[in-house]
Amino acid sequence: MNLYFDNCATSFPKPAAVAEAMVRHLNETGGTYGRSAYPRILQSTGLVEECRDQLAAKMGTTEAGKIILTANATTALNLMIQGICKKGGHVLTSAMEHNAIARPLEYLRQLGLIEWELLESATDGRILVDKIASKLRSNTILVAICHMSNVNGMAQSPGEIKKSINEIPLLVDASQSLGSHPVMVDEWGIDFLAFTGHKSLLGPTGTGGAFIRYPEMVEPLLYGGTGSGSDSLSMPTFVPDRFEAGTPNITGIHGLNAALKNRPVARHSKDDFAALLQEVKRNLNFKVRCAADFEHQGKLFSVVHNSLSSSELALKFYEEFGIESRAGLHCAPMAHRHLGSFPTGDCRFSLSPYHTPEELNYLAKAIHDVGK
Amino acid sequence: MSENRDIVLFQNIRQVIKAEQWCVDNSLPVKVIPVPKPWSTECGMCLETTGEIAEKLEQYAEENGMRTRRMHNHK
């Protein structure tokens, strides 16, 4: 039985093809990215570009060349936030942000470069789109939001948000959503997107990236060799090279490519998940942190017990039921402040497409028993 | 495939890979080679082919927003 319910931290298991592709690169094929022109490099490089194309299809853009491969979503967010924000700028963000967005913004504020403030939100953290206009200023240079909260699984509507901010750039952190929830970069008008490879995309850790629609708006975060324009001491102006200094995580990217090409069919249905949430909500000893509307619910939720702490809960779930969950603030203190669970946090359960209805029933029963 | 061939240089690795794949898909023989010495400031690989195919490659590149340079490769 698969009792790993911590897929928001990192997904497990992965498709078997992921490890196979990585071992193949390490033990059989080898080869770096570009730099020369013998067949080993062509093969290795071709798979990296195939991965970029697969990612473009997954996130709904025709501009695969504007996808930058990085070590993780945090690197991508730092690249974009630090690369876009200029002195005197004003940034709007949401109450549900992970520290991957909040800390770079706060760092820039402490340097005296920018001001940032929160958009108004409903009790589950959904941004009140009709209130956005009142927050916009003449110096608002960016709206930066997570697509899906890593605390309660609530998904924002980036397309509606973009319509309300017009030409102001929208940056979306899709770390929790890309792979498990629709993401349509071009259709929604998303200008900048960050993603990770090791969560819902089922790839290995050390993979992730950014979609940068307007490369000219972003200063590089890293400077170094790209295998292009090598006669110049300045970084190239074209993408992806402009933001990809240094040898990429080729082995990991081959693994991510394999994950994208071998995604499993979900073993449980949306209705199975809805039934699990309904069952959990029936327990009066728990407050359940989830989206107010199931239409905007991702495959994760959290619970707060009326007497047990989040760490006591997680330990109990593991020791008595073998269930692996996550306790605490999940690196999202602002979200917990908004939801009323700061500083104690909550206990989070996050699903995988490999979970069966029987495993969801087991989780529901465990939560019921712990809540007695 | 080495005498009096045309060389098509691209801005970056991704464009070389995409162009080479396009040639394979369209049964157009090209060879991926290291960028020859006089033009070695771009990426580490480029495409070597006939003048006729080089023209088609340039057209493909233009249609797909790629910047190329074409040289005659005298060996």
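The values are calculated or read from the model by the stated rules, or taken from the named source; none is laboratory data. On a predicted model such as this, the values are computed, not experimentally measured, just so you know. Glycine also receives a Cβ, built like all others from the backbone with ideal geometry; neighbour counts cover every protein chain displayed. Remember, those area values only see protein heavy atoms, side chains included, never the ligands or the DNA or RNA. Shrake-Rupley method; radii C 1.70, N 1.55, O 1.52, S 1.80 Å.
A count restricted to region A:184-199 and to residues that are more than 17 Å from residue A:164 (Cα to Cα), assigned to a loop (DSSP other than H, G, I, E, B) and open to solvent by less than 10 Å² (accessible area, probe 1.4 Å) stands at 1. Filtering A:34, A:112, A:30, A:65 for residues that are touching a Lys or Arg at 6+ places or on another chain (Cβ under 9 Å), at positive phi and buried (at least 20 other Cβ atoms within 10 Å of the Cβ) leaves a single hit, A:34.
Within region A:308-330, work out how many residues are open to solvent by 60 Å² or more (accessible area, probe 1.4 Å) and either of a type outside the set (Gly, Ala, Ser) or over 14 Å from residue A:342 (Cα atoms) (or both). Outline the logic, then answer.
Of region A:308-330, the ones open to solvent by 60 Å² or more (accessible area, probe 1.4 Å) are A:311-312, A:315-316, A:318-320, A:324, A:326.
Restricting the remaining residues to those that are either of a type outside the set (Gly, Ala, Ser) or over 14 Å from residue A:342 (Cα atoms) (or both) gives A:312, A:315-316, A:318-320, A:324, A:326.
Residues meeting the conditions: 8.
In the set B:66, B:45, only one residue is crowded, with 18+ Cβ neighbours inside 10 Å, under 26 Å from residue A:68 (Cα atoms) and in contact with a Pro (Cβ under 9 Å, 6 or more places away or on another chain); that residue is B:45.
Quick check on my filter: what residues within region A:286-307 are open to solvent by 50 Å² or more (accessible area, probe 1.4 Å) and either over 20 Å from residue A:341 (Cβ atoms) or part of a loop (DSSP other than H, G, I, E, B) (or both)? Outline the logic, then answer.
The first filter runs over region A:286-307 and keeps only residues open to solvent by 50 Å² or more (accessible area, probe 1.4 Å), leaving A:287, A:292-295, A:299, A:306-307.
Hits for region A:286-307 are A:292, A:293, A:294, A:295, A:299, A:306, A:307.
Please determine whether any residue of region A:78-94 is in contact (Cβ under 8 Å) with a residue 60 or more places away in the chain, within 25 Å of residue A:226 (Cα to Cα), touching a His at 6+ places or on another chain (Cβ under 9 Å) and open to solvent by 50 Å² or more (accessible area, probe 1.4 Å). Scanning region A:78-94, I find no residue that is in contact (Cβ under 8 Å) with a residue 60 or more places away in the chain, within 25 Å of residue A:226 (Cα to Cα), touching a His at 6+ places or on another chain (Cβ under 9 Å) and open to solvent by 50 Å² or more (accessible area, probe 1.4 Å), so the answer is no. Among the residues of region A:47-62, write down those that are touching an Asp or Glu at 6+ places or on another chain (Cβ under 8 Å) and surrounded by fewer than 18 Cβ atoms within 10 Å (Cβ to Cβ). Answer for region A:47-62, where residues must be touching an Asp or Glu at 6+ places or on another chain (Cβ under 8 Å) and surrounded by fewer than 18 Cβ atoms within 10 Å (Cβ to Cβ): A:60, A:62.
Residues checked against (1) part of a helix (DSSP H, G or I); (2) among the basic types (Lys, Arg); (3) in contact with a Ser or Thr (Cβ under 7 Å, 6 or more places away or on another chain):
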| position | (1), (2), (3) |
| --- | --- |
| A:259 | yes, no, no |
| A:283 | no, no, no |
| A:330 | no, no, no |
| A:338 | yes, no, yes |
| A:341 | no, no, no |
| A:352 | no, no, yes |
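Every condition in (1) more than 9 Å from chain B (Cβ to nearest Cβ); (2) more than 30 Å from residue A:351 (Cα to Cα); (3) at pLDDT 95 or above is met by residue A:46 except one, and the failing one is (1). Go through A:222, A:233 for me and flag whichever is within 14 Å of chain B (Cβ to nearest Cβ), out of contact with any His (no Cβ under 7 Å at 6 or more places or on another chain), farther than 18 Å from residue B:13 by Cα and open to solvent by 30 Å² or more (accessible area, probe 1.4 Å). It is A:233. Only a single criterion out of (1) closer than 30 Å to residue A:56 by Cα; (2) open to solvent by 30 Å² or more (accessible area, probe 1.4 Å); (3) in a helix (DSSP H, G or I) is not satisfied by residue A:263, namely (3).
Any residue that is farther than 20 Å from residue A:241 by Cβ and hydrophobic (A, V, I, L, M, F, W, C) - is there at least one of those in region A:30-53? Explain how you work it out, then say what you get.
Of region A:30-53, the ones farther than 20 Å from residue A:241 by Cβ are A:30, A:38-40, A:43.
Filter once more, so that each one left must be hydrophobic (A, V, I, L, M, F, W, C): none.
There is no residue in region A:30-53 that is farther than 20 Å from residue A:241 by Cβ and hydrophobic (A, V, I, L, M, F, W, C).
Only a single criterion out of (1) assigned to a helix (DSSP H, G or I); (2) more than 14 Å from chain B (Cβ to nearest Cβ); (3) surrounded by fewer than 20 Cβ atoms within 10 Å (Cβ to Cβ) is not satisfied by residue A:21, namely (3).
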